[in-house]
Amino acid sequence: MKFEIEDVTVYFPYDNIYPEQYSYMVELKRALDARGHCLLEMPTGTGKTIALLSLITSYVLSKPQSPLKLVYCTRTVHEMEKTLAELKKLHDYQVKHLGPAARILAVGLSSRKNLCVNPRVLSAENRDSVDAGCRKLTASWVRALAEKNPSVPTCEFFEDYERAGSGAVLPPGVYTLQDLRAFGKQKGWCPYYLARHMVQLANVIVYSYQYLLDPKVAGIISKEMQRECVVVFDEAHNIDNVCIEALSVCVRRQTLEGATRNLHRMEQEIDRFKATDESRLRAEYQRLVEGLALRGDLRVNDTWLANPALPDDILKEAVPGNIRRADFFLRVLRRFVQYLKGRLETENVEKESPVAFVASVTNQAGIDQKTLKFCYDRLHSLMMTLEITDTDEFLHIQTICDFATLVGTYARGFSIIIEPFDERMPDVQDPVLQLSCHDASLAIKPVFDRFQTVVITSGTLSPIDLYPRLLNFNPVVSRSFTMSLTRDCICPMVLTRGSDQLPVSTKFDMRSDLGVVRNYGRLLLEMVCVVPDGIVCFFVSYSYMDEIVNSWNESGILKEIMQHKLVFIETQDVVETTLALDNYRRACDCGRGAVFFSVARGKVAEGIDFDRHYGRLVIMFGVPFQYTLSKILLARLEYLRDTFQIKEGDFLTFDALRQAAQCVGRVIRSKADYGMMIFADKRYSRHDKRSKLPGWILSHLRDAHLNLSTDMAVYIAREFLRKMAQPYDKAGSGGKKTLLSQEDIEKMGDGSLNDMLY
Amino acid sequence: MNNGEGRRLAGQAEEEDDEDDVDECGLEAWERAYADERSWESLQEDESGMLRSIDNKALYHAQYRRRLRSLASSNAASRIQKGLIRYLCIVIDLSRAASETDFRPSRMAVVAKNVEAFIREFFDQNPLSQIGLVTIKDGVANCLTDLGGSPESHIKALMGKLECSGDSSLQNALDLVCGYLEQIPSYGHREVLILNSALSTCDPGDIMETIQKCKKSKVRCSVIGLSAEIFICKHICQETGGLYSVAVDESHFKELILEHAPPPPAIAEFAIANLIKMGFPQRAAENVISICLCHKEARGGGYTCPRCKARVCELPTECRICGLTLVSSPHLARSYHHLFPIAPFDEVTPVRLSSSQHKLPKSCFGCQQSLLNPGNRPSLSVECPRCKQFFCIDCDIYIHESLHNCPGCESFRHFKTVSSSEE
């Protein structure tokens, strides 16, 4: 269908549109007009992706004088593929209506592991080895060597791509990763390098968060983008954590040992070069004198490039004299590693600010702050010079240099925490030195500054006013949309008591209370008897899950549950969990019924959908607070309080509730679906907790469902499931329309639509 | 959005920690039933602002009309072939879940009661068809009665066997039923109706294979669930072309099960015309005593097979000696109406009825009652599209559900034939 939003003609590939999609587009359009950032929350299953894509591409089409580029960031490869598939449909529709003028180029970009077509490289098991395998075949010095000596292996796909030169371009169209691989195979060009090249030319790019947020990767991939970009972060409820992780470094004993080994090898290399080819080292020295900004003459295709999170001075300044010489630099690094080793020997937990840390490094190891700041770049320059291709072997020393650079650069927003042992296992010596970033705005700041419009969107962004504070930006639009439903297909409940009327909670003082454990067990047992097919349970942590499942096993509750449904458990092992999930699905398919025990914040809670019969009910046992005694969390809370005036309690509740909402949101993936959600903890009935749930859940949470006991919940579940099993009318009945056709949209002005929705 | 929030906010602020025992929404079960139904919301106001009581009759009628329309629309392509000779296996789930008491007194009792009503209704509407009963208990499917045409024997067998235990196994049930239904002649329509209480099925093998087997041998499986929608049941019904429904309460369950009484449209592959040999035996006089073949007893009455002269007690059946299908002509006649249903009547808008520009009858053609409510306001009424006669709602339902003939059309036809013969 095709309709007007103000001055833009929107092409939408389906015959009908949900009213919330329409108003989502209206808001998005306003943000684009205002050239500002925006924050939009819309429940899952309402077609966020297609609304976004179709509005932005239509916007571009209607304003040919100002070409906008769309950068769409997803969390997983699977989501990337889904987005591209939607885009393909949309593109076909637009081309059908507008002719070839509407053609765009859209590519997905992923790691070499997902794009490589060379069977020799692809056989490596993990991402880092694939990267290293690729470099071994495509690095410039390897290729130079191969020219002289044909027995040196190279990658034929890369060679062909290079030979094609500037002729190697993708014709317009939408390319999923699959399409890219197929195209690469057919032409004999390397899809990875082709995609990376096409990023500069494409109208739409779909890739992962890291390519924009992680300074190391962003420098390589995203540095040449123009300002006229719309950057979309989809499923962005955890974006602050992604930002923080991108700038946090964790150093263990193994890291330091590995780094020592790496240094040793580099020293050997340097000696070898000194003996054979000293001119190369001298050339490098010259280059460093001239300053890092002039590294343009470093071989262009071997992109080790700048770090956008670093201040500009690092690019303009010359590398300090004491690390220009390769062997001097190695000596500095060795001293630094030695120093870190000494710090790890500590008996107590230590917490330091970067400034204090740098001061003590200067005192004890004689390395000043400026030197530390340049470590990262200096190392890469050195690795280039030494022609090291197996980069996966050198991860340890890279980690150390990351650490040094970050510590040297930032005086605020970080802290260094040294823990001699894990608090949950105080007997095992496992010292960890962590540089933890507290300020999510640091990593994302360059993105906000560089691009015209940044859209942050997800199914759960409540409370929506907290994100601008966490990420330190000013959105021009921030809106939360509810779902228009033909029937009440979600049924959230807050369960506060067991059948014996005793309160249930995972509060620290109550969680191991036998009564609470038993009441939780009875709840699951009763639910297993009335809910068909799949049930998903989320626990607050692995240790709590172990504990409670053990005690259910001892009291025989688990056995009773197994009479009705099979039980599967998520573990920290990915393979085991995948297998469990697979069998869980099969049990749901064949009618045996199954329960899946999972952990909030685990892999399953973040990425796996339990839609349709795979999840008719989700039970959230307890409130998934973070481990509040963790030193890192405490440091972050303190920072948030001092810098952004966010109270500790507020942040913890916000974080716990968004996790809970994320968990329960797994059961609803479309409007035709239905599911129940039970929040089993008395704390959920309190207003300060409950009000932080997203609006689309709250609007279905009736007052009568706020303080239930197990028996009442079972009764409600029964009634709900019967009601939902009845056939229903998709288009919506009565006055409330939930599907709009083209006429509907034409009929109503913006005003009347808004009246109808809110 | 959440209108209770404001109210709670005030109370919640101080009771940070000790809110455990506050039982704010502790509605009793009986209260909840009212709160859920919200019957007050369906009260309507009339033009003068007076409350109008809820018109149940109109509601029922609306429901009925909807059903009729859906039926008519499925028959839209004028003459849909219908399987009049049906072989139906009713599978009754007597697993542990059947003892639950959310239906009073128990699911099992409710199912048994309604199956009884269904069996009677079924034979009334499909005199040429046969039923068999199968139960699932302890994960095993048992055959309660073989396929047969006598309602009494089925009901007797069913009532004697009401106890439940163990798991349910749809696969075992389907395997067993499939084995029975595969043997019946090709002109018969094979159907299974599963009355499922359980929420899970414990199967010995891959149920998907069994479903494919059913599909291949053209067994139409329908399921009525008593508790909630189960994926595998839905899948079975979709694959084999059956109906899947879930009962909300007892009356709904009755409605659902009775929906299976009229014959379904024939599966396309069966839609080849086929001649079947049938016998129409005569009823013997009461005082002639002879030994019947079905009970091996000497008794009076009964019917004699026209081909081999054997004696049977009840019709319809198959002759035990020569295998001839024995029916009586009223049976055939009763099955006939399924093929030529009367068209649904058009609803008459009250405006048309009250506007007096054309003279409209003021009383129902069927029962001669006035079509006007007290106070001279027109009530709901319908019009036959063929003979243009008006009927009241009660007659409408009676005509479509029981009579299967329109009195208006019939009398006019009669009138015409009489008048033409007079000329």
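Send over the Kirkwood Rh of region A:377-503, from the inverse of the averaged 1/r over different Cα pairs, rounded to one decimal Å.
Working: mean 1/r = 0.0485 Å⁻¹.
Its Kirkwood hydrodynamic radius stands at 20.6 Å.
Please give the contour-minus-distance gain from A:L514 to A:L579: 0.36 nm per residue of separation, less the Cα-Cα distance, rounded to one decimal in nm.
On the way: separation 65, 0.36 × 65 = 23.40 nm, distance 3.18 nm.
Working it through step by step, the gained length comes to 20.2 nm.
Scattering from region A:554-655 was approximated by placing one identical point on each alpha carbon and applying the Debye formula without solvent; log10 I(q)/I(0) at 0.19 1/Å stands at -0.97.
Normalised by the number of residues in region B:218-327, the average gap of Cα pairs under 8 Å and 6 or more apart makes the relative contact order 17 percent. Within the full protein context, the accessible area of A:F625 is estimated at about 60 Å² for a probe radius of 1.4 Å.
Sequence-distant contacts, meaning Cα pairs under 8 Å at least 6 residues apart, place the relative contact order of region A:615-701 at 43 percent.
Cross-link check: pairs A:K692/A:K723; B:K113/B:K161; A:K2/A:K96; A:K274/A:K373; A:K2/A:K88 evaluated at a Cα-Cα cut-off of 20 Å; pairs beyond the cut-off: A:K692/A:K723; A:K274/A:K373.
What net charge do the residues around A:A365 carry, taking every other residue with its C-beta under 12 Å from that of A:A365, with Lys and Arg at +1 and Asp and Glu at -1?
Values: positive: A:R331, A:R334, A:R335, A:K341, A:R343; negative: A:D368.
Residues close to A:A365 contribute a combined charge of +4.
Taking A:E228, A:E79 and ordering them by how much accessible surface each has at a 1.4 Å probe, largest first, produces A:E228, A:E79.
If you add up the charges near B:A247, with Lys and Arg at +1 and Asp and Glu at -1, over every other residue whose beta carbon is less than 10 angstrom from its beta carbon, what do you get?
Net charge around B:A247: 0.
How many partner chain Cβ atoms sit within 10 Å of a residue's Cβ in peptide A:528-536, on average, as a whole number?
Working: counts 2, 6, 6, 3, 12, 7, 1, 0, 0.
Counting other chains' Cβ atoms within 10 Å and averaging over A:528-536 gives 4.
Kirkwood Rh, region A:430-541, all Cα pairs: how many Å?
Values: mean 1/r = 0.0518 Å⁻¹.
Hydrodynamic radius (Kirkwood, Cα only) of region A:430-541 equals 19.3 Å.
Total Å² of accessible surface buried at the B-A contact, 1.4 Å probe, nearest 100?
Working: alone 24600 and 31230 Å², together 52190 Å².
Separately minus together, B and A give about 3600 Å² buried.
Eigen-decomposition of the gyration tensor built on the alpha-carbon atoms of region A:505-626 gives equivalent ellipsoid semi-axes of 22, 17, 12 angstrom, largest listed first. Just need the relative contact order of chain A here, percent rounded to a whole number, with Cα pairs under 8 Å and 6+ apart. Relative CO of chain A lands at 17 percent. Placing pseudo-labels 7 Å out from each Cα toward the beta carbon at A:T362 and A:Q65 gives an inter-label distance of 5.5 nm. Give me the lysines in straight-line cross-link reach of B:K82: C-alpha distance below 17 Å, same-chain residues under 8 apart excluded. Straight-distance partners of B:K82: B:K218. Evaluated at 10 °C with a viscosity of 1.306 mPa s, what Stokes-Einstein diffusion coefficient in µm²/s does region B:141-295 have when Rh comes from the Kirkwood expression over alpha-carbon pairs? Answer from the Stokes-Einstein relation: 88 µm²/s.
Rank these by accessible area, largest first, 1.4 Å probe: A:W141, A:W552.
A:W141, A:W552
Solvent-accessible area assigned to carbon and sulfur over the protein assembly as shown amounts to 52 percent, based on a 1.4 Å probe.
For region B:201-219, list residues with backbone N below 19 Å from a point placed 7 Å from the Cα of B:E182 toward its Cβ? Taking a point 7 Å out along Cα→Cβ of B:E182, the residues of region B:201-219 whose backbone N falls under 19 Å are B:204-219. The mean number of Cβ atoms from other chains found within 10 Å of a Cβ in peptide A:489-496 is 1, as a whole number.
Here the scattering of region B:156-207 is modelled by Debye summation over its C-alpha atoms, one equal scatterer each and no solvent; at q = 0.13, 0.20 Å⁻¹ the log10 of I(q)/I(0) is -0.44, -0.91.
Values of log10 I(q)/I(0) for chain A across q = 0.11 Å⁻¹ run -1.35, by the Debye formula with one identical scatterer at each alpha carbon and no solvent.
What FRET efficiency would be calculated for the residue pair B:R283, B:C367, taking the C-beta separation as r and a Förster radius of 35 Å, to the nearest 0.05? Present the calculation step by step, with values, prior to reporting the outcome.
Working: r = 35 Å, r/R0 = 1.00.
According to the calculation, E is roughly 0.50.
Remark: the A:E4-A:D449 segment gains 157.1 nm on full extension, using 0.36 nm per residue and subtracting the alpha carbon distance.
Please compute, for peptide A:682-695, the average count of beta-carbon atoms on other protein chains lying within 10 Å of each residue's beta-carbon. Each step should come with its number before you reach the end.
Working: counts 2, 2, 0, 7, 7, 8, 4, 1, 4, 5, 0, 0, 0, 2.
Average per residue, whole number: 3.
The values are calculated or read from the model by the stated rules, or taken from the named source; none is laboratory data. In this text, all values refer to a predicted model and were calculated from it rather than measured experimentally. Every residue, glycine among them, receives a Cβ derived from its backbone with ideal geometry; neighbour counts consider all protein chains shown. In case anyone asks, the SASA skips ligands and DNA or RNA and just uses the protein heavy atoms, side chains included. Shrake-Rupley method; radii C 1.70, N 1.55, O 1.52, S 1.80 Å.
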